[in-house]
Amino acid sequence: MLKLITSANPRNYWAYTAILCLFAGLIFSRSLYSVGLLLMAFYWFLHENKTGLWRNVWFVSMLAFAAIVPLFDVINGTSIDGSFFIKLSLPLFPLFFFSWRPGNKEITIMAMIILMVLGLTALHAVITYMADSEAANIAYGQARVMQVGLYHDHIRISVAMALSIVLAIYAAGKQTNNTLSFIFWVYGVLMILFLHVLMARTGLVVLYISLAVLVMGLMWQNHKKWVITTWAVLVVLPFAAYQLLPSFKQRIDYARYDYSYYSKMEYRTGSSDGFRFYSWMSGWDAFANQPITGVGYKGLHHVNKEWFVKHFPAIQAEEIIQPSSEFLLNAAAAGVVGLLVFMVFALAPWWDGRLRLHPIFMAVYCALAATWLFEILPENQYGIFITGFFLSWAWWVADGKEEITQH
């Protein structure tokens, strides 16, 4: 173990510190996250290698994804929306990984850092939950979940936890150290259990899709029976969780109750699924009314608020949310051009055979891409971090260079 953490290249400690700050910042402090982002940016700036990314279609689409924000805000005569500065960080993640060039040992240490932070976060959440499980289960019946992290950002954290399982499986498969391999596998199993107790649905969607794709990619050619068996387990898991875990059952029952209101366009305070459903309608109306120029990213806040107030006069300001789909949001804000730019970003990996055929990359990519249909992770600071970090790590692995990189 001591031999593993002894790095021949002191630059690695810089990279590890940046990663620790990023993930600790996700849990504890936006300021700490900003420190991690700056460390990562300075690492790339000072140790820049010839990455070749500037000629890559997917990388260029990341730049365009950020660039359309000020462009269409200017076209619509508004100030520049803050999401522009958030999206500017997206290309930084692949630049960091392709400049750092981590080998298997570096990725193992990176995995240990990430799994330690997320594992301790899950442990703290479970201890808090068990301290008053009865009250916690009642809260689940009211669309609330257990406390996870300082900011209670269970959606983003659950997605990070689900993708960390893919990282743990990858790291376990690369180990010659049986103890480390065992630790990674145990982490994966316990985190799967925790995500079902937490019952953040976005995290579970990412979990199921990533594992289904990963198993198919790794085993389909020679072990079809194991693939089918694993898929069957993934199908059974939510049904078993509903019977065995009170938090899971309460959350499902609440979703059914919530549906009985928003399916009839009836306003009910605290209707989380209802507000998401209504936001899709708002986004579609904004796109239909201005399909060429959109309403602008800054203007979308105003147009969206007007739509909600018009249809639900009693709605509270904090209940109004942006169109909860990346496709709809970009179409509403930047019209057809915005939709096309995002679609290029969303679909570009399919054009690269190395990415399309790599099980680790496809597990991460397919899981995140699924969330873009009903979430807007790239529109906020932590969401863009999780999207950029895990996609970039998987991209680096899919390139196969971690096998030959020596530090």
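Residue-wise test of (1) without any contact (Cβ under 8 Å) to a residue 12 or more places away in the chain; (2) in a helix (DSSP H, G or I); (3) in contact with a Cys (Cβ under 6 Å, 6 or more places away or on another chain).
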| position | (1), (2), (3) |
| --- | --- |
| His124 | yes, yes, no |
| Val148 | no, no, no |
| Ser164 | no, yes, no |
| Leu167 | no, yes, no |
| Ala171 | no, yes, no |
| Leu190 | no, yes, no |
| His196 | no, yes, no |
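Evaluate the following for Thr202: is it among the polar types (S, T, N, Q), farther than 26 Å from Ser272 by Cα and either crowded, with 16+ Cβ neighbours inside 10 Å or in contact with a Ser or Thr (Cβ under 9 Å, 6 or more places away or on another chain) (or both)? Considered against the rule, which asks whether it is among the polar types (S, T, N, Q), farther than 26 Å from Ser272 by Cα and either crowded, with 16+ Cβ neighbours inside 10 Å or in contact with a Ser or Thr (Cβ under 9 Å, 6 or more places away or on another chain) (or both), Thr202 comes out as no. Within segment 286-328, restricting attention to residues that are among the charged types (D, E, K, R) and surrounded by fewer than 16 Cβ atoms within 10 Å (Cβ to Cβ), the residue that is farthest from Ile155 (Cα to Cα) is Lys310. Of all residues in segment 42-95, those that are among the hydroxyl-bearing types (Ser, Thr, Tyr) and not in a helix (DSSP H, G or I) total 4.
Within segment 364-385, residues that are of a type in the set (D, E, K, R) have Cβ atoms under 6 Å from residues that are surrounded by fewer than 23 Cβ atoms within 10 Å (Cβ to Cβ) and at pLDDT 95 or above in these pairs: Glu375/Thr202, counting only partners at least 6 apart in sequence or on another chain.
Any idea which of Glu306, Glu319, Glu266 is out of contact with any strand residue (DSSP E or B) (no Cβ under 6 Å at 6 or more places or on another chain) and at pLDDT 95 or above? Of the residues listed, the single one that is out of contact with any strand residue (DSSP E or B) (no Cβ under 6 Å at 6 or more places or on another chain) and at pLDDT 95 or above is Glu306. When segment 67-108 is filtered for residues that are of a type in the set (Gly, Ala, Ser), surrounded by fewer than 21 Cβ atoms within 10 Å (Cβ to Cβ) and closer than 22 Å to Ala332 by Cα, the ones remaining, listed by number, are Ala67, Gly77, Ser79, Gly82.
Among the candidates Lys249, Lys264, the residue that is buried (at least 16 other Cβ atoms within 10 Å of the Cβ) and either part of a loop (DSSP other than H, G, I, E, B) or charged (D, E, K, R) (or both) is uniquely Lys249. Is it fair to say Ser210 is surrounded by 18 or more Cβ atoms within 10 Å (Cβ to Cβ), farther than 25 Å from Tyr140 by Cα, in contact (Cβ under 8 Å) with a residue 12 or more places away in the chain and among the polar types (S, T, N, Q)? Here the answer is yes, as Ser210 does meet what is asked.
Residues of segment 164-189 that are surrounded by 16 or more Cβ atoms within 10 Å (Cβ to Cβ) and aliphatic (A, V, I, L, M): Ile165, Val166, Leu167, Ala168, Ile169, Ala171, Ala172, Leu180, Ile183. Tyr151 fulfils the conditions (1) over 24 Å from Ser324 (Cα atoms); (2) at pLDDT below 90; (3) surrounded by fewer than 18 Cβ atoms within 10 Å (Cβ to Cβ); (4) of a type outside the set (S, T, N, Q) except for a single criterion, (1).
A search for C-beta distances below 6 Å between a residue of segment 281-297 that is farther than 14 Å from Val336 by Cβ and any residue that is among the charged types (D, E, K, R), counting only pairs 6+ apart in sequence or on different chains, returns Gly296/Asp73; Tyr297/Asp73; Tyr297/Asp81. Is there a residue in segment 227-235 that is of a type outside the set (Phe, Trp, Tyr) and within 21 Å of the chain's Cα centre (by Cα)? Within segment 227-235, one or more residues are of a type outside the set (Phe, Trp, Tyr) and within 21 Å of the chain's Cα centre (by Cα). If the condition is being in a helix (DSSP H, G or I) and over 30 Å from Asp253 (Cα atoms), then segment 173-188 contributes Gly173, Asn178, Thr179, Leu180, Ser181, Phe182, Ile183, Phe184, Trp185, Val186.
Scan segment 185-193 and give yes if some residue there is over 24 Å from Gly103 (Cα atoms) and touching a helix residue (DSSP H, G or I) at 6+ places or on another chain (Cβ under 6 Å), otherwise no. The answer is yes, given that some residue of segment 185-193 is over 24 Å from Gly103 (Cα atoms) and touching a helix residue (DSSP H, G or I) at 6+ places or on another chain (Cβ under 6 Å).
The values are calculated or read from the model by the stated rules, or taken from the named source; none is laboratory data. It should be emphasised that the depicted structure is a prediction, and the values quoted were computed from it without experimental measurement. Cβ coordinates were reconstructed from backbone atoms using ideal geometry, including for glycine residues, and neighbour counts include every protein chain displayed.
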